[in-house]
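Quick notes on the structure that follows.
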Amino acid sequence: MATSLLRLPSPFDAHVHLRQGALMRLVTPHVQQGGIKMAYVMPNLVPPVTTPSHALSYLKELQALSPNTHFLPSMYLTTNLTPAQIREAHAGGVVGVKSYPRGVTTNSEGGVGMEGYGVFDEVFAEMEKVDMILNLHGEVPSDVDGDGCCVLNAEPRFLPHLLEIHRKFPKLRIVLEHCTTAAAVECVKTLPPNVCATITPHHLALTIDHAVSSPLHFCKPVAKYPSDRAALRAVIREGHPQFFLGSDSAPHPSGNKMPTMKVLRSTLDGGIDEVTLPSPCAAGIYTSDNLIPLVATIFESSDIPLERMSGFVSEFGRRFYGFAAKPEDEVVIRRIGEGKVIKKAYQFERDGDAGREYVVPFMAGEKLNWEIVEA
Ligand code: NCD
Ligand code: ZN
């Protein structure tokens, strides 16, 4: 008979977006609801979290909203960051620094541009010294009319930067975030254990065909070829300890994900007089609310043995980040015969009387085969 109960030592999500304002208040408690006990929180707020004091005040807000979740704060890499700030951040409990190449994703305008990574040598040297983690969004910006870079080859073309940073700072702990390609998997496997990668549940399920047919499946990096998805599944199936869960759960108000074209007026002859064109769709897929049951459900549909859950959602990430699981934080999930339907949307009031909005989770309306057993 198929396993019906799974015991997971204190699940850790190594990459989550919790936003600010009304959206933060909606999604922060969902981390616990999804079976996660510890979460590494991304700094791409508006304005981004670029200083130690901002990281710590943001942490306080999150902790107040969900006191039983252990949040780990991060900072956003900019050319203003100094080695002194790295020491201050490390002393204050900031765990890592996230690098966004400029313009590749949500709120990345302040990220790394044509100057490349060499300008951060002093900062990276200090991070290596105090043992702070460098988190890399591993895509180079698109330049379709220039060097031919586009969303499909952006990750493989980033890998030389990863190798170069690792060559210069061999002891620096680095995470290649949300890796999506066979090339990235192969590359990380050749590196020592202080270089790891996170994998999202949605990249285990989706391929490029899904990404181009629904805004709900659009995220950065985009889901790639079936052969890339197969490589992600295979490395988890292998139980490889350098690959662990980072959900990249990234909620957006549905109006930003699915901006519709509005026809304001039709003319008497049936023509169209005025049209409001849609703005581009926001990148990001929301998974926090059901994360652990979702991962188990996707493992099964991806032919990944459930014995691999514990390493992937807890042990490997915790070992790398250096936070042992407390025995009392075990999470138990059970198989459900009927399947539980994923909520179609969460409603919230936008900040500043901007009206009601929705967040649509990944696989909304579809069924999960697993649920959390409440303690
Ligand atoms: C993230 C977001 O919305 O903040 N979007 C996404 O598509 N993954 C940013 C990111 O991690 O790239
Ligand atoms: Zn992210």
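Here are some notes:
- Odd one out for Ser279, checked against (1) part of a loop (DSSP other than H, G, I, E, B); (2) open to solvent by 60 Å² or more (accessible area, probe 1.4 Å); (3) in contact with a Lys or Arg (Cβ under 8 Å, 6 or more places away or on another chain): (3)
- Subset of segment 82-109 [within 19 Å of Ser57 (Cβ to Cβ) and either crowded, with 18+ Cβ neighbours inside 10 Å or within 15 Å of ligand 2 (Cβ to nearest atom) (or both)]: Gln85, Ile86, Ala89, His90, Val94, Val95, Gly96, Val97, Lys98, Asn107
- Here Thr190, Thr207 are screened, and the one residue that is closer than 28 Å to Leu294 by Cα and among the polar types (S, T, N, Q) is Thr207.
- Selection within segment 137-179 - open to solvent by 60 Å² or more (accessible area, probe 1.4 Å), away from ligand 1 (no atom under 16 Å from the Cβ) and over 23 Å from Phe320 (Cα atoms): Asp143, Val144, Asp145, Asp147, Arg157
- Across segment 235-266, the qualifying residues are those that are part of a strand (DSSP E or B) and surrounded by 20 or more Cβ atoms within 10 Å (Cβ to Cβ), and the one among them that is nearest to ligand 1 (Cβ to nearest atom) is Ser249.
- Ala184 vs. criteria touching a Cys at 6+ places or on another chain (Cβ under 6 Å) and within 16 Å of ligand 2 (Cβ to nearest atom): no
- Every pair of residues 6+ apart whose Cβ atoms lie under 6 Å, when the first sits in segment 100-121 and is on the phi < 0 side of the Ramachandran plot while the second is within 15 Å of ligand 2 (Cβ to nearest atom) and open to solvent by 30 Å² or more (accessible area, probe 1.4 Å): Gly110/Pro48
- Condition check for Leu232: under 23 Å from Ile292 (Cβ atoms) and either in contact (Cβ under 8 Å) with a residue 12 or more places away in the chain or not acidic (Asp, Glu) (or both): yes
- Flag if Ala296 is among the hydrophobic types (A, V, I, L, M, F, W, C), open to solvent by less than 60 Å² (accessible area, probe 1.4 Å) and either within 16 Å of ligand 1 (Cβ to nearest atom) or more than 30 Å from Thr181 (Cβ to Cβ) (or both): no
- Within segment 346-365, the residues that satisfy the criterion of being surrounded by 14 or more Cβ atoms within 10 Å (Cβ to Cβ) and part of a loop (DSSP other than H, G, I, E, B) are Arg350, Val360, Pro361, Phe362, Met363, Ala364.
The rows are residues; the columns are (1) farther than 20 Å from Met127 by Cβ; (2) at pLDDT 95 or above; (3) within 16 Å of ligand 1 (Cβ to nearest atom).
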{"site": "Gly21", "(1), (2), (3)": "yes, yes, yes"}
{"site": "Arg25", "(1), (2), (3)": "yes, yes, no"}
{"site": "Tyr40", "(1), (2), (3)": "no, yes, yes"}
{"site": "Leu59", "(1), (2), (3)": "no, yes, no"}
{"site": "Leu62", "(1), (2), (3)": "yes, yes, yes"}
{"site": "Met75", "(1), (2), (3)": "no, yes, yes"}
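- Taken together, Ala154, Ala125 contain a single residue that is over 19 Å from the mean Cα position of the chain (by Cα) and among the aliphatic types (A, V, I, L, M), which is Ala125.
- Looking only at segment 233-251, and only at residues there that are within 16 Å of ligand 2 (Cβ to nearest atom) and aliphatic (A, V, I, L, M), the one that is nearest to Thr105 (Cα to Cα): Ala250
- Matching option when the condition is modelled with pLDDT under 95 and over 15 Å from the mean Cα position of the chain (by Cα), among Gly103, Gly35, Gly93: Gly103
- When the criteria are applied in full, His54 fails the requirement of being open to solvent by 50 Å² or more (accessible area, probe 1.4 Å), within 21 Å of the chain's Cα centre (by Cα) and either under 25 Å from Ile285 (Cα atoms) or within 16 Å of ligand 1 (Cβ to nearest atom) (or both).
- In segment 243-254, the residues that are closer than 18 Å to Gly35 by Cα reach residues that are within 13 Å of ligand 2 (Cβ to nearest atom) and of a type in the set (Asp, Glu) with C-beta atoms within less than 9 angstrom, at least six apart or across chains, in these pairs: Leu245/Asp13; Gly246/Asp13; Gly246/Glu177; Ser247/Asp13; Asp248/Glu177; Ser249/Asp13.
- Set side by side, the residues Glu122, Glu115 differ, and just one is open to solvent by 50 Å² or more (accessible area, probe 1.4 Å), modelled with pLDDT under 95 and either farther than 30 Å from Ala345 by Cβ or of a type outside the set (Val, Ile, Thr) (or both), which is Glu115.
The values are calculated or read from the model by the stated rules, or taken from the named source; none is laboratory data. What you are looking at is a predicted structure, and each value in this text was computed from that prediction instead of being measured. Using ideal geometry, Cβ is built from the backbone for each residue, glycine included, and neighbour counts are taken over all protein chains shown. For the accessible areas, the whole protein counts, side chains as well, though only heavy atoms, and no ligand, DNA or RNA atoms are used. Shrake-Rupley method; radii C 1.70, N 1.55, O 1.52, S 1.80 Å.
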